[in-house]
Each structure stands twice: as C-alpha cells, then as structure tokens.
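Student: This is the structure I have questions about; it appears just below.
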4 protein chains.
Amino acid sequence: MQVRVAVIGAGYWGPNLIRNFTASPRTRVVAVCDRDPARLQRVQALNPAAATTTDLEAVLGRTDIDAIAIATPVHTHAGLGLAALRAGKHVLVEKPLAASVAQAEELVEEARQRGLVLMVDHTFLYSPAVRKLKGLIDADELGEIYYVDSVRINLGLFQHDVNVLWDLAPHDLSIVDHLLGRAPASVTAFGACHADIHKQTEDIAYMSLDYDGGLLASFHVNWLSPVKIRQFIVGGSKKSVVYNDLEPTEKIKVYDRGIITHNTDVEARHGIMVSYRVGDVWSPHIEQVEPLQTMVSHFAECVTRRERPISDGAFGLRIVRILEAAQSSIKGRGQRVNLLRPLRVVA
Amino acid sequence: MQVRVAVIGAGYWGPNLIRNFTASPRTRVVAVCDRDPARLQRVQALNPAAATTTDLEAVLGRTDIDAIAIATPVHTHAGLGLAALRAGKHVLVEKPLAASVAQAEELVEEARQRGLVLMVDHTFLYSPAVRKLKGLIDADELGEIYYVDSVRINLGLFQHDVNVLWDLAPHDLSIVDHLLGRAPASVTAFGACHADIHKQTEDIAYMSLDYDGGLLASFHVNWLSPVKIRQFIVGGSKKSVVYNDLEPTEKIKVYDRGIITHNTDVEARHGIMVSYRVGDVWSPHIEQVEPLQTMVSHFAECVTRRERPISDGAFGLRIVRILEAAQSSIKGRGQRVNLLRPLRVVA
Amino acid sequence: MQVRVAVIGAGYWGPNLIRNFTASPRTRVVAVCDRDPARLQRVQALNPAAATTTDLEAVLGRTDIDAIAIATPVHTHAGLGLAALRAGKHVLVEKPLAASVAQAEELVEEARQRGLVLMVDHTFLYSPAVRKLKGLIDADELGEIYYVDSVRINLGLFQHDVNVLWDLAPHDLSIVDHLLGRAPASVTAFGACHADIHKQTEDIAYMSLDYDGGLLASFHVNWLSPVKIRQFIVGGSKKSVVYNDLEPTEKIKVYDRGIITHNTDVEARHGIMVSYRVGDVWSPHIEQVEPLQTMVSHFAECVTRRERPISDGAFGLRIVRILEAAQSSIKGRGQRVNLLRPLRVVA
Amino acid sequence: MQVRVAVIGAGYWGPNLIRNFTASPRTRVVAVCDRDPARLQRVQALNPAAATTTDLEAVLGRTDIDAIAIATPVHTHAGLGLAALRAGKHVLVEKPLAASVAQAEELVEEARQRGLVLMVDHTFLYSPAVRKLKGLIDADELGEIYYVDSVRINLGLFQHDVNVLWDLAPHDLSIVDHLLGRAPASVTAFGACHADIHKQTEDIAYMSLDYDGGLLASFHVNWLSPVKIRQFIVGGSKKSVVYNDLEPTEKIKVYDRGIITHNTDVEARHGIMVSYRVGDVWSPHIEQVEPLQTMVSHFAECVTRRERPISDGAFGLRIVRILEAAQSSIKGRGQRVNLLRPLRVVA
C-alpha cells in the first residue's frame, strides 16, 4: 500500500520532498499546493502525475490523500498542521515543528487525540553518519560523554521569517537529543545582528546546553562565515568522535585518544595529575544513502503501521522548547534559562 | 649594546627563551635560575656561557644583569616580578602577566614608578601572521569588524596551576586586543571539569566578549579535544579572514565575500532582504620568521631605548582583567560580568 | 528556434544529456533511443514529453529531428555517428570521439563534406574552472609553461569496453589541448592490468607527452586508487596553478612562486645558481555553473549558426590520436611514439 | 661503550648529524671537519666538546675515532668513504652512497674486505611511519602489492652537484626497496630542465620501475612545484595505504577498499566484470620519534656488534644502480633500461 501524500509549499525545501516522495515505492505524491502559481509550474516536471493547486481547502478535503507534508515558512507550520490534522491527515512538518512551544504543544496534543502520525523532518537523524554515530554511542564505544561541540557556519542562506538560530540549530539540537537521549537542564545563548538594520534577526548565535553531571553541549551557528564548516565533536571518556559532514567519504572519525587522571589527596594539593593516551584513528565506512529517502520511508512506515516516528511531535517539541528558551536567553543577553519545568503536554 | 638577561625558570617555556636570547645579537643570557638543579643541567647545553644557579637573590643582586625574564608558574609571576623590579631590573614575564588583576596592577604600578620596562611575552603578537592580519585591519581592508571567532583546542597539555582558560585564552585575547584596539564591555564564560575529580580545574571553556556596537568575540579553548585546531575567523563588512595557525604556509586567507542588505520599510515588515557577494580568496605570503625571535628583539630594543613594548604591563593587565572576569563568570555559571568599571591603575 | 535532439543511449551518461537538453531553453529532446526497454522506462521521468524507442532507424528517419546525441559504448560511436551524419543530422558524441584514429577521421570527413556540426562532449572544456584557467594562460599570467602534471585517480568505475586510459585520460588530454593549443611531438605510456585476469584491460596508466622546447605533460590515471584525487598542476615561469576539481569552491589556486636562475659561464662550471621567489596565493572566484548546461548551449548555438564548436570533430580527433598512440606505447612497454606525422584528414 | 664519531661536512645535512650524534647516549662527536672555517664556527655551538678542523688527514689519523660520518656533496662520497675505510674507520654516508655504480661497488668491496661497517643514511627507513608501513606489508595486511605511486614535489631546494632525481628519488627508492624487498626488472625515466639554461640538470623527473608479475612503481620528483606534496600510495589486493608525510599525526591511512574481479570465459568476451569493496579507513598511531635519532642508534649498534645495517652498502648500491639506470633512461628520452644483469660485486 502506498501512502498518498500532498505537499504544501513548493519553495526551497518542498521540491526535495516531492522528489523523494516520488522516488519512494512506499509513497505517491497526489497533489502539490502553493499560493504561487509560478512555483507550482516549476515543480511540475518533478512529478507530472501530481495535481498542482493553490486551493488548500480542496486538498485537505480530498479523501484520497492520507498525509500532508508541510514545507512552508515556520510561522505557518502550526496553522497548516492543525488544519491538516483536523482534516484527519497524518502530518510531516519541515523542521522546526512550530514557531513556539505553545504552538508545538497544540500540534502534539491534536495528533495525540486523533491518533494521527505527526512527524518532523529532522533530516539528519536519518543520515547514515548520524546513525553510525548513534550506534557507537549506544554501544558505549565512547564511554561517558564529556562534551559536544557543534559548528555549523557558512555564508547565508538568510531566511525571511526566522533567525540563524531557528534556521540552523534545529539540525544540531536534533542530533544531540537523538544521540544523548537526555534533556538539558538549562540553556544560555548569545547572538548578534549585522545584516538586519532593525536588529531583529540574529545572523550569528552561540548556544550552550548544560546537562546534569558536567556534560556541556555548545553550538555555533553563523550566516556570515566566509567559510563553510559542518563540524561536530563528541568527546568521551574512552574515545572521541569528529563528524565532518562536508567530508565526501570519511565523515566520521573515531579517535582512541584521551586522558587518564591520577587524582590523589596528595596530588590534589598541587593540582591535577594527568597523563595522555594517544591511539589509532578509525573512520568507519558510511553508506551512501540519501537521508531524505530514509526519512520518507520511515514516515510511510509509521503511517502504515501507526507507529511513533523517531522524530515524532514530542521530539520536535523538545527542540522547539530549547530554541524558544535560547531565543529568550539571547534577548536577555545571555541569561541562563531553566529547562527543567515540566512541559504542559506529556506526549 | 647587548641587554644582559637572567632567565628565571627552566621548565617548559624557559628553554625557548634561553635559546632565543642566545640567538639574538641584541641580548646575552648571563644566568639561568631554577630551584631544580636537574633542570639547570638540562638547559646548560643551550647556552654553555650562562651561569646556572638556584640562588634567586644572588641573581637579583648582580649588577651586570639588566633584565629578568620570568618563565615560572603563573602564581609566582607577581612575587618574582616585583622582586626583580625592586632590584632595578627590567622584566619580561611569560603570559599571563599575573594570577589576578590586583597582582597585575601592582606590577604595572611598580614598573611605572621605577621607570622600568615591564613586558609580557604574548608571543603571538610578534608572529608574521598576526602582524599581517593587523596590517589588513588597520588598512581597513575588512571594513567594520562584525565578529571574531576563535578555536584553540587539542589534547592536553594540562597545566598544574591554571585551568584551560588561563592557559590557552591569553593567546587569543592578546590577539583580539591587539587587532581591535578596543576594550570589551562585558564577558560571559562557561566551563566544565572532567579530568579533575575535585572539579577545580576547567579543561573546557567557552568565553564571549561583548563590545559596544554589536561586535562579538567568542572563544573555545579545550584540553580534551581529539583533534588540534587553531582557527581564528574575523568577519568584516567588506572582507573576512580565516587565520589557521596550523597551515604551514597559507596561514591567512582573505575572503572577498559578504552580504549586502537591502532593508527598506516595506521589506522590514516581511523580514530582511539580503544578497550575497562572493569573490576571490587571497592568501598573502607570510614570512617564515620565528615569533619568539622578534619578541626578544623588541624587548631588547624597548629596554635599550626605554620605550613601551607593544605587549607592555598595561596590555598584560587588560588580558588578566578579562581572564579574571571570565573566571568569575564561569563560577557564576555564565553570569555576565561587566568590564567597564575603571581600572585602579591608569598605566 | 529550439534544436530538436534525439539521444541515443540511456545508460550511464545519457540521462545527464537528457536532463540538460531538457533544462536548456535552446534545445528540446524529441526522442530517446536505447536497445534496452528497461532503461528507456527509467529515463522517461526525466522528460515525459520525449518519445522512447528501440528503433534507431525510425529515429534517424524522422525529419523533425535536427541533431543526434550519442551516449553509447565507445566502439559504437563511429557507426552511429556516421549513420546520423548520413541521415543529415548534426552530431554530438560522448568522449572519446571514436575507438580509433581511422574511425575518427571518417567521422570528421563525413561531417565536413556534409557541412554538419560534429561535436565531442569533452565536458571539462565548458567548466568554469577550466575556462578561468584558460583565461589566465591566454592573458600570459603564468609566463612560459614549463610542465603540466595531472592526477585523476579513484576506485572504479571500471568500463566494459575501454581501459582506464581511454576512459579517464580524454578529460585531461582535452584540458591540456585546450589550454596549450599545441600538439605534442611524442608520447610514451605505461600501464598495468590487475583486475583483468586476461591482462587485456589496463586499470592503471601513466602517460607523458613531450612538446618541443622542453614542455612536459604527465598524466596518472588509475581505477584502483583507494582515494579520489583530481589534481592538475600547471607550472609556469611566472606563476603556477593548482586546479583541484574536488574543492567545492577554491578549485583554482594561483601561486606567485617560482625560481630565478643566474646562469653565468663561471657558475655553469660548478652547477646552477637558483634563487626562489615566494609570493601570494590567489584563488579566483569560480562561478557555480553546470558545465554540461554550458556544453549543450554551445552545441545548440553551433548548430543554429553552423559554427565550429570548441570541441569539434578535429579536436576530438586530436585526442583520439594521442590515445591511440599512447595505447600503442603501452603495448610496446613504454616505447616512444612519434606524433608528428601529418594526419590524413585536414579538418 | 660509546662510538666515537667524526663528522665530515658541516653544510646542510652535517649539523643534523652532529646534533643527533651528540644527543645519542651511544655516540660521541669527537671532531667535525670542513674546508670552510666559517661553517665550523657555526656548528661549534651544537657540540662545544667536539674539535673542529679543516685537516681531513689529521682526523683520519686519529686513533680515538671509530667512525666517520660523511655529509658532503655526492661526488665526494666515494673518495672520502674509501679514505675513511682505508684508515680503518666505520663509515656512515649521506644518501646516495655514491655518484655511480662503479664508485658504490668500490666502497662496498672495500668495506667487505676490511670487515668494517658501511651504512648509508637513508633516513626514511628509520621513520616510525615507514616502519609501520613495513610492518603492515610484512604481516600481509595489504595482500599482493599491485602498484606504488610516489609524489615528492616542492619548490626547490636546488642542489649544485646533482639533479632532482639524484636529490629526491633516493628517499622513495629506499622506501620501496625496503618495503618490497624485491629488485625491479627495468626502469624508464623522463626529465626536463628549466632552471638550468645549459640543460644539464633536470628539475623535474618521472621514473617507473617494472617488476615481474605486473607490479609497477612510479615516482614523480619535482623542484618546481608551487605546492609541497609528500604522498606515497601502496595499492594491494586486500587493502591499500596512503602515506602522507606532511600530515602531523595521521601519516598512514589504511583503506579497506578494493575490487573483486569476476572473470569468466563468457564475461571475458564482453570485457571484465568488477565489483567494489568499500570498507573502513584506519589510521594507526605513529610514534613521535625522530628518525635520525633511530638511525644514529642503529649505526652505533651495528658498529658495536659488527652487524649489517638495514641500509648497508649493498642496500645503498642497489639505490645508486637504479638512479644511474634512470639517469641513462632520461638521457635516452625514456628508453627502457634493463636492471637484471648481475652486479659486479656480490655484497
């Protein structure tokens, strides 16, 4: 059985979804909807069999559509997602799930009540490199995780309705949440606006997540960098990993390097005694699989079997929650924002 | 005339100073002093003509010594420096100048009153790459500076009396102070301790400096990284620079890339309008000159002419002040520390 | 006016041609022909408007087709190309033009007599990087060219009807011919067969072209390399260029470095006196344009205006001539093969 | 017991030998001899205890000297080496052993008759990276060796009495001889002269060694390259290795990648059938040991125990033999030179 999908939004990301839903044997694109007829014309070549329309209501009203994929600006996710869920459709939303925790909670609750699948397209979770990294951590290859350091910087692409944090950090936050399976205790963030003379839209941001037990996760996102960097370091007590997403083949490098501490009462008086362990470097083979293809397959499977996706609504909500708190920290010039209060929705 | 120098401390950094003072035609190493006779024996080959001794008082009492170079643990800098100044000697101190602002102020004041040269060995200021970068900024090649992002990470070398911030960040802070010629308004910092079971000594730290007008300088220093990175990005409104100190020849890359903003009232309602400018990359030739050699020459020249060194006591004090404030921010779990109160000493 | 094209061959390269002819406003794909119906089905999505057929004769007989694009195994190029020319069609052939000089000459002669365009898809000539490099050389930025060194190695992709030399070297030979505009005087080549137990198909080959005046061009092509390298060095008397096709943005680096010789009679007795010049490195901005799109546009323009393409039949013939001579040198275990005898066809 | 050494030649390489003989507990530098008193003065600081002299005869006549280390121009190696051997001294010679096979044979024969150690400073054999690579090959990790490809190129350093082949290729030839333990059947080489207007001294050279069974070893040495490359690929049937000597830590990378051939009679008619195996990449930890230190220790041990060094005279002779044959091939514009005739000296 093929899941019949309508794609809402034919701008930057929509065509990628159309292409992958078309290529997957588990899904079929029935319709594409956008307000702009010119965009609809451009995507028609991607799937000539799909109907194109500017009439959203008509799409939601069609009974031969099982699921709606939303690839529109972030501030429209909640409205479109709720409308789709209320029309009885399963929903896939481009990241981030929504523009606020309140909106995200509403989506999660609506999907829960209706028993529908709500999934966020956190594409990186479905990439072979992140899956390999997840496998290494789950197999305790790295030992205790000491820190995560993520750098995702390049020149542009400026978004019109979100800042660099909401645009780029969802990728890294989703990877960290997936890898660690833990919730941070607090967040602090800084940002700066240079391109926007109204100083509303940050184009550089730094964010730090504190976890209990000394684990620190730090993020640098930047739309003004002259160079493109996609570097993600996971430091562990046994081994450490550098994940460079720009490497064509050796994306993951596992370093059998670390420190051995020799703290004794005597030594503690004079400082710490540390020795180093320097071993081999190992780069596991990473399959050449398109993450988006894996993502749409997973969505189709979850819809078919009514199962929870890895990046379900609750997952997406956790990411939005951190983003909202980080944004609040930026506005507070770096004040620490607690993340331990319970969420309203227990998804 | 050669400046006659005694080097105090023959541990990790001292031998580098001995070698460079010996190689310079402007300086002569008269004595080397350390508490550990074994160390003294090891450095003798570096300069067989220099006397080695464990008797500090004797060294300070010698009238044929013009200057004292201090390469000892940070907490001893102030005591040794003051003793040397009070003995009428010019002083060169390994970075950072002292372990606290109070100590640093005392050193600066003592040198001022006695009319002696006090210089801090912030070696990077004397490297051809930083000098080239300074030249580019002073010639307004980069336009308005938007941000600085510095990453200095590697495995070890753990210090016994300072944490990673006091050990590594003085390099980057000195470069930023030298390049920008501006004082930050506030600092925030985070850190984590993993090697030290007493949780006293941070081995990872992040620090952000806020300047008036939106300029942000961020620093990542880390003793636990499996990979060594020495990357320093300066983003400007006209051009941007990436300075990679590990590159053997192309250390500086100038990117003629940036954004052009088109903010109008109409557009501002919908977000920012930005277009990109992508131009050439240029890597100026960097001379292969040993920075330490330039540093000792500069010290000798300043001593001879009684001039202010580039990295004089006041410079070193500014660096210590930021370090102390950052340390306080770390202990306050990232609370912002104001840097605008006037210093006690106007050097 | 759009050039109406039929594509013959829907295997590895054909789909790329179909996609680019479809995307170009100057061309239209009228038909796709292949012996294998399964392949035809797979490419239908690329251009649903194009007819698919296994009947070559029917395609050649259609009067609404202006040009035939051939993307079939090398040994079939001559037969298909002649048939297309004799049917009055302009012809674009995948590189290399043909499997032998004799075949290539026949194609060139046929096209000349009929006044039809014959073009070889030497795609690299239409890449922004090679065009930039050509511009630098034509502007005499490099001075006298001393040598070219080309490395094109990776694991696979083994071809079934040609060896590594005929598969990979046409790229580099076309670039060298285009850049230098000179014919080599002789060729020598070596090869080795490891994958083919019948020792018929070389998977590693080295080739050297000698030009008058000391210019040397050397090539390493290899299907067995564990790493992928696409590196092309052009050494000149004034400047030198390294062209790394795997670099995402800085593909071309111009090095203002070289030697200055001081040969005098006296010195010549004792050897050469050389000093070095080490200057800046400059990486000109390279546009992000799809070379194949430029290539199909150029083909369409040449067909429309009846002009000679840059990579016309005569160009393709010169490349085949070197390949054939190099193959002969390999079989002669590296014996030098003269390339100065005149070609039969003066195209 | 320490081996008492005199170093002849205090130019480019001599100081490195002096430093390492001085640092080794197994050796002691008794004297340094050079024709140029200025050089002698410069090296005195390296070992103040060593006598410096311009009188070679006096050095050879001293009975408190066990061994002579020769670091002079290549054309002087034979004369100096023979004089030292005839004076009853063990001899270490900078690479290459001599300027001709005849000279090298004479040295080997003289050492053999006198029962003295004759060793060539082929430093790379004593580097941790080459030792690691040797270990991998000896443990049959790579399977059958298919090819070796070596690139050693940079700008300068021009030598005055040898061309680029005699200057740089001894490194790579020594590594290949050591790793493979096999003699090539023939050599072909090309070269070009650009800096030398008398066209006597090649500054670019390519060389290929043919071994029985299809193994091919190829070398590119170049004094005119704008970039420095030190890359050595060993392709095997099981695994392949890339050894990049410029990498600070990951010098050796082992690729578990290759091809699987499926040649059958049926397939052979249509070409070869090959599939690919793409596995992990592994970079074994390489110790940070100074190769020269290991080399001088090995020399001291061989002198003390009267054992054959790894790079003994016979080893050095094999390298010279290939160099001489390659030079002859260059002069013959790439004609193949047989290497299978027996050597006069069976060392």
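Student: Between C:Glu141 and C:Gln113, what FRET efficiency follows from the Cβ-Cβ distance if R0 is 45 Å, with the result rounded to 0.05? Kindly include the intermediate steps, with their values, before the conclusion.
Tutor: Working: r = 41 Å, r/R0 = 0.91.
Once the sixth-power term is evaluated, E becomes 0.65.
Student: Relative to the longest principal axis of the C-alpha atoms of chain A, give the angle of the C-alpha long axis of helix A:313-331, reported between 0 and 90° and rounded to the nearest 10°.
Tutor: The angle comes out near 60 degrees.
Student: Which positions within the range B:275-294 get 10 Å² or more of their accessible surface covered by the other protein chains, compared to the chain by itself, with a 1.4 angstrom probe?
Tutor: When all protein chains are present, B:Tyr276, B:Val278, B:Gly279, B:Asp280, B:Val281, B:Trp282, B:Ser283, B:His285 each give up 10 Å² or more of accessible surface.
Student: What net charge do the residues around D:Pro15 carry, taking every other residue with its C-beta under 10 Å from that of D:Pro15, with Lys and Arg at +1 and Asp and Glu at -1?
Tutor: Details: positive: D:Arg19, D:Arg39, D:Arg42; negative: none.
Value of the local net charge: +3.
Student: Taking a label point 7 Å from Cα toward Cβ, how far is B:Glu57 from its twins in the other copies, in nm, shortest first?
Tutor: 6.1, 9.9, 11.6
Student: Using a label point 7 Å beyond Cα on the Cα-Cβ vector, give me the inter-copy distances for B:Arg86 in nanometres, one decimal, shortest first.
Tutor: Shortest to longest, the spacings are 7.2, 8.1, 10.8 nm.
Student: Could you work out the relative contact order of the range A:1-63? I mean the mean sequence separation of Cα pairs under 8 Å and 6+ apart, divided by the number of residues, in percent. If you can, show how the numbers build up before the last one.
Tutor: Details: 97 pairs, mean separation 20.9, N = 63.
Contact order relative to length: 33 percent.
Student: Here's a follow-up. Working from the pairwise distances between different alpha carbons, so that the mean of 1/r is found and then inverted, what is the range D:33-143's Kirkwood radius in Å? Working shown, then result.
Tutor: Details: mean 1/r = 0.0629 Å⁻¹.
Over the range D:33-143, the inverse of the mean reciprocal pair distance is 15.9 Å.
Student: Taking B:Ile260 in one copy and the same position in all the others, each labelled 7 Å out along Cα→Cβ, what are the pairwise distances from the first, in nm, shortest first?
Tutor: Taking the point 7 Å beyond Cα along Cα→Cβ, the inter-copy spacings are 4.1, 5.6, 6.0 nm.
Student: Return the Cα extents of chain D along principal axes one, two and three, sorted largest first, each rounded to a whole Å.
Tutor: Result for chain D: principal-axis Cα extents of 76, 45, 42 Å.
Student: Then there's this: If contacts are Cα pairs under 8 angstrom and at least 6 residues apart, what is the relative contact order of the range D:88-183 in percent?
Tutor: Averaging sequence separation for qualifying contacts and normalising by length gives 31 percent for the range D:88-183.
Student: Less than 19 Å from a label point 7 Å out along the Cα-to-Cβ axis of B:Arg26: which backbone N atoms in the range B:102-130 qualify, by residue?
Tutor: B:116-130
Student: For helix B:14-23, what angle does its Cα long axis make with the longest principal axis of chain B, in degrees from 0 to 90 and rounded to 10?
Tutor: The helix B:14-23 is inclined about 80 degrees to chain B.
Student: Using helices alone, I'd like the mean residue ellipticity at 222 nm for chain C: each DSSP H run of four-plus residues gives -39500 (n - 2.57), total over residue count, nearest 500. Let's see the in-between values first.
Tutor: Numbers: 10 runs with 116 residues, N = 347.
For chain C, the value works out to -10500 deg cm²/dmol.
Student: Could you order A:Thr63, D:Thr294 by accessible surface area, starting with the largest, using a probe radius of 1.4 Å?
Tutor: Details: A:Thr63 130, D:Thr294 35 Å².
Highest to lowest solvent-accessible surface, that is A:Thr63, D:Thr294.
Student: So, one more: Normalised by the residues of chain D, what does the relative contact order come to in percent, with Cα pairs under 8 Å and at least six apart?
Tutor: Values: 731 pairs, mean separation 67.1, N = 347.
Relative contact order here is 19 percent.
Student: Give me the 1.4 Å probe accessible area per residue for chain C, excluding ligands and nucleic acids, in Å².
Tutor: That works out to 39 Å² for each residue.
Student: Continuing with this model, one more query. Roughly how many percent of the accessible protein surface of the protein assembly as shown is carbon and sulfur, given a 1.4 Å probe and a whole-percent answer? Each step should come with its number before you reach the end.
Tutor: On the way: 27000 of 53870 Å².
After summing per-atom areas, the C and S share lands at 50 percent.
Student: Oh, and also: With the cut-off at 1.5 for a/c, could you classify the range A:16-81 from its C-alpha gyration tensor as rounded, prolate or oblate? Working shown, then result.
Tutor: On the way: a/c = 1.39, a/b = 1.21, b/c = 1.15.
The shape class here is rounded.
Student: What FRET efficiency comes out for C:Ala185 versus C:Ala102 if R0 is 25 angstrom and r is the Cβ-Cβ distance? Round to the nearest 0.05.
Tutor: Values: r = 22 Å, r/R0 = 0.88.
With a Förster radius of 25 Å, E is 0.70.
Student: In the range A:203-222, which residues become less accessible by 50 Å² or more once every protein chain is in place, relative to the chain on its own, using a 1.4 Å probe?
Tutor: At a threshold of 50 Å² (probe 1.4 Å), the residues of the range A:203-222 that become less exposed are A:Tyr206, A:Leu216.
Student: Name the residues of the range B:172-200 whose accessible area, probed at 1.4 Å, falls by at least 50 Å² once all protein chains are in place instead of their chain on its own?
Tutor: Residues passing the criterion (a loss of at least 50 Å², heavy atoms only) are B:Phe190, B:His194, B:Ala195, B:His198.
Student: Next question, about the same structure. Which net charge results for the neighbourhood of A:Arg336, defined as the other residues with beta-carbon distances under 12 angstrom from its beta-carbon, given Lys and Arg at +1 and Asp and Glu at -1?
Tutor: Details: positive: A:Arg333, B:Arg333, B:Arg336; negative: A:Asp210.
My count for the surroundings of A:Arg336 gives +2.
Student: Let me ask you something else. Within a 10 angstrom radius of each residue's Cβ in C:135-147, how many Cβ atoms of other chains show up on average? Whole number is fine.
Tutor: Values: counts 0, 0, 0, 0, 0, 0, 0, 0, 0, 1, 0, 8, 8.
Partner-chain Cβ atoms within 10 Å, mean over residues of C:135-147: 1.
Student: Taking a probe of 1.4 Å and counting only protein heavy atoms, give the total accessible area buried between chains A and B in Å², rounded to the nearest 100. Walk me through the numbers before you get to the answer.
Tutor: Numbers: alone 16400 and 16380 Å², together 28020 Å².
Answer for the A-B pair: about 4800 Å² buried.
Student: Could you give P(r) for the protein assembly as shown, binned at 20 Å from zero, as whole percent values over all Cα-Cα pairs?
Tutor: That works out to 9, 31, 37, 20, 4, 0, in percent per bin.
Student: Take the alpha carbon atoms of the range B:154-182, find their center, do the same for the range D:166-217, and report the distance between the two centers in whole angstrom.
Tutor: A separation of 48 Å, based on Cα centres.
Student: Dividing the alpha-carbon radius of gyration of the range A:61-119 by 2.2 N^0.38 Å (N being the number of residues), what value is obtained?
Tutor: Details: Rg = 10.3 Å, N = 59, 2.2 N^0.38 = 10.4 Å.
Cα-based Rg divided by the globular estimate yields 1.00.
Student: Taking the Cα-to-Cβ direction at C:Ile197 and at B:Asp36 and moving 7 Å from each Cα, how far apart do the two end points lie in nm?
Tutor: Between C:Ile197 and B:Asp36, the simple spin-label model gives 6.5 nm.
The values are calculated or read from the model by the stated rules, or taken from the named source; none is laboratory data. Remember, predicted model here, so these are calculated numbers, not experimental data. Neighbour counts are summed over all protein chains in view; Cβ atoms, including those assigned to glycine, are modelled from backbone coordinates with ideal geometry. Each accessible area value is taken on the protein alone, full model and side chains, heavy atoms only, with ligands, DNA and RNA left out. Shrake-Rupley method; radii C 1.70, N 1.55, O 1.52, S 1.80 Å.
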